1. Starting from the Cα of Thr26, step 7 Å along the direction of its Cβ; do the same at Gln81; then give the gap between the two resulting points in nm.
2. Between Gln48 and Val74, what is the label-point separation in nm under the 7 Å Cα-to-beta-carbon projection?
3. Give me the compactness ratio for the range 51-96, meaning the Cα radius of gyration over 2.2 N^0.38 Å.
4. Please report, in whole Å, how far the alpha carbons of the range 21-92 spread along each principal axis, starting with the longest.
Amino acid sequence: MPNPFSDESKKSEHSPEYYDFFLDITSEVCPITFVKTKLLIERMAPGQIAEVRLNDGEPLQNVPRSVREHGHEVLSLEPEQPGGRIYRLRLRKAGT
């Protein structure tokens, strides 16, 4: 099974698709979706970027809202494919 907390960056640091961490929570249900996202954020340094792959429905409603409520920045939230049910959330960890 691949590591869902990959430290592998997707692109160069200056690319808009760049991220420091990737998490796929499409096989999870709420509230585990945000619990896993929160655990990832706790491992990150301030300013680092994560991309989270999540499903439509409750995860799409709850995870971005919870990220913002915890003071972090949502950089983008887009479907993988037009009309698709899987989304990509990019976030930046707050702090100094």
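1. Label-label distance for Thr26 and Gln81, simple model: 1.0 nm.
2. Spacing of the two 7 Å Cα→Cβ label points: 2.3 nm.
3. The range 51-96 yields a ratio of 1.14.
4. Principal extents (largest minus smallest coordinate, Cα): 33, 22, 19 Å.
Each value in this text was obtained by applying a stated rule to the coordinates, not by laboratory testing. These figures come from a predicted structure and were not determined experimentally. All Cβ positions, even for glycine, are placed from backbone atoms using ideal geometry, and neighbour counts span all protein chains on display.
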